[in-house]
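The values are calculated or read from the model by the stated rules, or taken from the named source; none is laboratory data. For clarity, every value in this text was computed on a predicted model and none was experimentally measured. Glycine also receives a Cβ, built like all others from the backbone with ideal geometry; neighbour counts cover every protein chain displayed. We work out accessible area using only protein heavy atoms, side chains counted, and drop any ligands, DNA or RNA first. Shrake-Rupley method; radii C 1.70, N 1.55, O 1.52, S 1.80 Å.
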Amino acid sequence: MTTTSPAHLRTSFAALRAQGLRARDAAKQLQLSEGEVLAAHVVSQMSPQAAADSLLATVPLNGDWVTILQGLEAVGPVMALTRNEHIVHEKIGVYRNVSAKGPVGLAIGPEIDLRLFLSQWHAGFHVVEKTDKGEQHSLQFFDRHGQAVHKVHARPQTSLPALEDLVQRHADPAREVSFTPGRITPPTDRPDSEIDCLGLGEAWSAMHDTHEFFEVLKRFQVGRRQALRLMEGVHTRRTPLLAVDWLLNEAAASGLPIMVFVGNPGCIQIHTGAVQRIEPMGPWLNVLDEGFNLHLRGDAVHESWLVTKPTDDGPVTSIELFDESGELITMFFGERKPGKPELPAWRDLAHSLVGGMPPSSHRPQHSQKEAA
């Protein structure tokens, strides 16, 4: 953690942003987390002149995360953003049906579909940033290490008066927000020799619902990627690392509706529907559709797996991507509802990735800056 004064930090951050760096990258260059940067811009801790000169103005929120998210419905359309180290998932829509049971929450709507792991939510801010397009408003939420778990950005259709009213109800200007250096890391896998592979395979085969998979992993104390590797040839198959490029382009060409899951320790965000505009730009593979954007760092994909899980509605097939450290980047499914079988066209497409893919047409490469 840097010992730079808040005033110098604010000046340095503004200079990096002026150079075109994204907020996350600017914070990284300052050897800080995004959360730490926002904590240095809290209005109540600045002089009036410093606040007037600052690129950012932030106000801490009171920590009633579920009520805050429920209040977003009155704000109207916004952009929900969830990311991890290698992928950014952006959806435009209205927050609906937000609820929680203990530390697990949900937001279930036709556009914004979230799974919330609220024990990881440590701090939140209302953020106002000055830009050449005017003030940009957002709500940003962080884990205890200052890593973003979820962000909500105002759009032209957003009711700013309703957003400001929501912020006023939940603002806690005097709240002192601090973060612990580091990041949340998954536990280290046990040695393969300690895993009951026969029992794991039998439990996997006996599943009635995909949600049972997490309990199976927990029961056998096995990591997700480790389980896929141990069940290779039975319930899983490796696919080429570029399979996701072919997958998205084929889904777009056929109009096949898919589901795209992107998560971090605090949130999973889901897109359901067709994809249309697939654009590779440098190392990034992008979906640039109205209402849905996805930015995947293709060169971060270290393993790609075809995974089959049995359910009462028949097998459910996914394509799952992992980075070099074994962390899950994203998962792709065919669109489906409980009680209905998987789309055969999705299953055929997913299985076509195993052992190679038909040659795809050459696509031009462009440069692109990463999403915020």
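Numbers for the structure displayed
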| quantity | calculated |
| --- | --- |
| Nearest-20 debye value, the chain charge dipole, Cβ charges on Lys, Arg, Asp, Glu | 360 |
| Alpha-carbon centroids, the range 215-257 and the range 308-345: separation in whole Å | 7 |
| Modelled FRET efficiency - R0 30 Å, Lys337 with Gln31, Cβ distances, 0.05 increments | 0.05 |
| By average C-beta atoms within 10 angstrom, highest first, the peptides 111-117, 169-175, 240-246 | 111-117, 240-246, 169-175 |
| Candidate residues Phe125, Phe214: accessible-area rank, largest first, probe 1.4 Å | Phe214, Phe125 |
| Relative pair counts by distance (%), Cα atoms of the range 1-93, 5 Å bins | 2, 11, 18, 18, 20, 16, 11, 3, 0 |
| Between the range 18-40 and the range 63-105, the Cα center-to-center distance that results, in Å | 23 |
| Cα gyration tensor shape of the range 50-183, rounded if a/c is under 1.5, else prolate or oblate by comparing a/b with b/c | rounded |
| Residue-normalised accessible area of the range 94-237, given per residue in Å² at a 1.4 Å probe | 54 |
| Length-normalised contact order of the chain in % [C-alpha pairs under 8 Å, at least 6 apart] | 16 |
| Pairs of lysines in the chain (C-alpha under 18 Å apart; 8 or more residues apart or interchain) | 7 |
| The range 136-286 shape via C-alpha gyration tensor axes, a/c threshold 1.5 | oblate |
| Cβ charges +1 (Lys, Arg) and -1 (Asp, Glu), total dipole of the range 105-209, debye | 480 |
| Neighbour net charge for Leu56 - beta-carbon separation under 10 angstrom, K R +1, D E -1 | +2 |
| Backbone N within the range 26-58 under 19 Å of label point (7 Å from Asp172 Cα along the Cβ vector) | 35-46, 58 |
| Per-selection Kirkwood Rh - the chain (Cα, Å, 1 d.p.) | 22.0 |
| Cα-only Debye scattering, the range 1-52: base-10 log of I(q)/I(0) at q = 0.15, 0.19, 0.22, 0.25 Å⁻¹ | -0.37, -0.59, -0.78, -0.97 |
| Mean Cα-pair separation over length for the range 121-177, i.e. relative contact order, pairs under 8 Å, 6 or more apart, % | 26 |
| Zone of His351's modelled label, taken as backbone nitrogen in the range 232-246 under 15 Å from a point 7 Å along Cα→Cβ | 233-238 |
| Prolate/oblate/rounded call for the range 100-173, Cα gyration tensor, a/c under 1.5 rounded | prolate |
